[in-house]
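Reading through the structure tokens given below for one structure.
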Amino acid sequence: MAETVEKKKLQIAIYWGAACGGCDVAILDTDAFILDVAALADIRLWPLAVDGKYADVEAMEDDELDLVLFNGAVRNSENQKIAELLRRKTKVMVAMGSCAHIGGIPGLANEFSRDEIFNRAYLDNPSIEEGNVVLPVAEKKVAAGTLEIPHFHRAVRRLSDVVEVEYFLPGCPPAPDQIKAVLLAVATGNLPPAGSVVGASDRALCDECGRSKDEKKVTRFFRPWQIIQDPEKCLLEQGILCAGSVTRAGCGVRCPDSGMPCRGCYGPPPNVMDQGAKFISAISSIVESRDAGEIERVLGEIPDVMGYAYRFGLPASILQRSTRSQ
Amino acid sequence: MEYEPTIVGFLCNWCSYTGADLAGTARIKHRPNLRVIRVMCSGRVDPTFIMQAFASGADGVMICGCHPGDCHYLEGNDKAYRRFQLLKKLMAAYGIEDQRLRLEWVSASEGERFARLVDTMTAELKELGPLKLPPDLSLVPGPCPDPTAVREVTHG
């Protein structure tokens, strides 16, 4: 009897690729619900919180898992290998969080070549003490045998570039309520069609933002700390670069409600092919000038256009990565 | 065979397309490398179009509109100009050279100017060579078709 009950339990795995760990923390942020998850499900792999080894996953039958929440982008050979392994072992694969969904912050590395990234991390970096350069090696022979580290790919890819994904749960990190909703949906078998973006809306963030919106005419752009903002008024109208107009709603307007501009972590709304393209289009159209010199001055003050346009979604853009990253 | 660049041209209906038409009716010779797409206004050209053009194999993109102050819709070309400022920066970050993206004003009477612009851009791109995008670039989201296209690297 005990065994049948055991078998009915949901079999889940939670994994991180190229990620910061924030998504895992967001799962813990479901508070006491996490105890229900533990009662409802066997967590077979969760590097952040429970024991469980890759070998245990390899030993599983195909489709033995009911759900994998995969957060993080695919940056190296380990990310890819485990993504492929978990794909074989699970019925439902969820790309959780911005990194798995659209590439996330790690995706910004697609602007640079591997050599540039390597040099920046290990050689040319203000935090490296002079004479104390330590370089990683792919293989190292030690007394116990040979140690290996994963190989670094040419570019950051989304989870869906590597394996088939059933659902996308956007956000950096996704709101705990939405994580809860996804777990409950799987538990009750109440699933949307495969390929759906879950836990988010089909509208742009501006649609849910409560700030007053009037005419947008900007003569200077500000970073949030450069201006004392009007808490009631649209941030873009105040010259603060807000990505709300090109971002899918569903987060609960957390950033604009706390005085920070939207940075675009939920990715583009449906039918937008390229979030960054729409972002620069929106930003340039609100500049209040018809004078070439003035236009160049106003728009020239925006630092790091790439970083603003694709803060979370460079690998999901039409061009995906810079020609330097070959 | 000699390399011939492919240039996609977005020409506004009221000035530049008419200017290109004039080049044709006046039998002004120019290089055949420009693929023309007629749009109602240069202000209609979404940055998405430019990225799509490059991703689909264009070596260069030329946007042509009415001269400042002459826009049929009053300020569509100003909008194009503003968008172009950020677009240039974005393309540079993508590693796509400046010469591959141009915004030019061509009036309905400037058939000769249009022809010379096409010639100049073609010559510049010939010198620059084909646009080399990363090999596994795919417009279709989904599994990476060729895993070996993203080769692994070992440092050290």
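Can you tell me which residues in the stretch A:267-291 are within 7 Å of chain B (Cβ to nearest Cβ), surrounded by fewer than 19 Cβ atoms within 10 Å (Cβ to Cβ) and under 22 Å from A:Ala95 (Cβ atoms)?
Listed by number, the list holds a single entry, A:Met273.
Which residue is surrounded by the most Cβ atoms within 10 Å (Cβ to Cβ), if the candidates are limited to the stretch B:26-51 and must be of a type in the set (S, T, N, Q) and in contact (Cβ under 8 Å) with a residue 24 or more places away in the chain?
B:Ser42
Would you mention how many residues in the stretch B:85-100 are buried (at least 22 other Cβ atoms within 10 Å of the Cβ) and touching a Lys or Arg at 6+ places or on another chain (Cβ under 9 Å)?
Summing the residues that are buried (at least 22 other Cβ atoms within 10 Å of the Cβ) and touching a Lys or Arg at 6+ places or on another chain (Cβ under 9 Å) in the stretch B:85-100 gives 2.
Looking at the stretch B:121-139, I want the residues that are at pLDDT 95 or above and have a partner that is surrounded by 16 or more Cβ atoms within 10 Å (Cβ to Cβ) and of a type in the set (Val, Ile, Thr) with Cβ atoms under 8 Å, at least 6 apart or on another chain. Which pairs are those?
What qualifies is B:Met121/B:Ile7; B:Thr122/B:Ile7; B:Leu125/B:Ile7.
Please give the number of the condition A:Ser196 fails out of (1) more than 23 Å from A:Pro270 (Cα to Cα); (2) without any contact (Cβ under 8 Å) to a residue 40 or more places away in the chain; (3) surrounded by 13 or more Cβ atoms within 10 Å (Cβ to Cβ).
The failed condition is (1).
Considering the stretch B:25-57 alone, what residues qualify as being part of a loop (DSSP other than H, G, I, E, B), more than 12 Å from chain A (Cβ to nearest Cβ) and at pLDDT 95 or above?
B:Ala26, B:Arg27, B:Ile28, B:Lys29, B:His30, B:Arg31, B:Pro32, B:Asn33, B:Met40, B:Cys41, listed by residue number.
Any residue that is part of a helix (DSSP H, G or I) and either in contact with a helix residue (DSSP H, G or I) (Cβ under 8 Å, 6 or more places away or on another chain) or of a type in the set (A, V, I, L, M, F, W, C) (or both) - is there at least one of those in the stretch B:68-76?
yes
Residues that are crowded, with 19+ Cβ neighbours inside 10 Å and within 22 Å of the chain's Cα centre (by Cα): find the helices (runs of 4 or more DSSP H) completely inside the stretch A:30-108 holding 3 or more of those.
Here the list reads A:77-89, A:97-102.
Is it fair to say B:Gly60 is within 14 Å of B:Ser107 (Cα to Cα), more than 11 Å from chain A (Cβ to nearest Cβ) and crowded, with 18+ Cβ neighbours inside 10 Å?
no
Tally time: how many residues in the stretch A:126-162 are part of a loop (DSSP other than H, G, I, E, B), surrounded by 19 or more Cβ atoms within 10 Å (Cβ to Cβ) and aliphatic (A, V, I, L, M)? Quick ask: steps written out before the conclusion?
The initial filter retains those residues of the stretch A:126-162 that are part of a loop (DSSP other than H, G, I, E, B), namely A:126-138, A:143-144, A:149-151, A:158, A:162.
Subset that is surrounded by 19 or more Cβ atoms within 10 Å (Cβ to Cβ): A:158, A:162.
Going one step further and asking which of them are aliphatic (A, V, I, L, M), we end up with A:162.
Adding up the residues that qualify gives 1.
Do we find that A:Arg263 is surrounded by 14 or more Cβ atoms within 10 Å (Cβ to Cβ), assigned to a loop (DSSP other than H, G, I, E, B), within 14 Å of chain B (Cβ to nearest Cβ) and of a type in the set (D, E, K, R) in this structure?
So A:Arg263 fails the test.
Take the residues in the stretch A:309-326 that are among the hydroxyl-bearing types (Ser, Thr, Tyr) and within 15 Å of the chain's Cα centre (by Cα), then tell me which one is nearest to A:Tyr266 (Cα to Cα).
Residue satisfying both the conditions and the ranking: A:Tyr310.
Which of (1) surrounded by fewer than 22 Cβ atoms within 10 Å (Cβ to Cβ); (2) free of Cβ contacts under 8 Å to residues at least 40 places away in the same chain; (3) within 13 Å of chain A (Cβ to nearest Cβ); (4) under 13 Å from the mean Cα position of the chain (by Cα) is the odd one out, the single condition B:Glu75 does not satisfy?
(4)
Kindly establish whether A:Leu184 is in the same structural domain as A:Cys20 (by TED's automatic domain parsing), over 21 Å from the mean Cα position of the chain (by Cα) and either part of a helix (DSSP H, G or I) or at pLDDT below 90 (or both).
Judged against the criteria, A:Leu184 is a match.
What pairs can you find where one residue is in the stretch A:128-144 and within 14 Å of chain B (Cβ to nearest Cβ), the other is polar (S, T, N, Q) and in a strand (DSSP E or B), and their Cβ atoms are less than 8 Å apart, with a gap of 6+ or different chains?
A:Glu139/A:Thr146; A:Lys140/A:Thr146
Checking A:Val165 against (1) under 19 Å from the mean Cα position of the chain (by Cα); (2) away from chain B (no Cβ under 12 Å); (3) assigned to a loop (DSSP other than H, G, I, E, B), which test does it fail?
(2)
Sort out which residues of the stretch A:292-308 are among the small types (Gly, Ala, Ser) and either over 23 Å from the mean Cα position of the chain (by Cα) or more than 9 Å from every other protein chain (Cβ to nearest Cβ) (or both), and write them in order of number.
A:Ala292, A:Gly293, A:Gly300
The values are calculated or read from the model by the stated rules, or taken from the named source; none is laboratory data. The shown structure was predicted, so the numbers you read here are calculated from the model rather than taken from an experiment. A quick note on method: Cβ atoms are made from the backbone with ideal geometry, for glycine too, and the neighbour counts reach across all protein chains shown.
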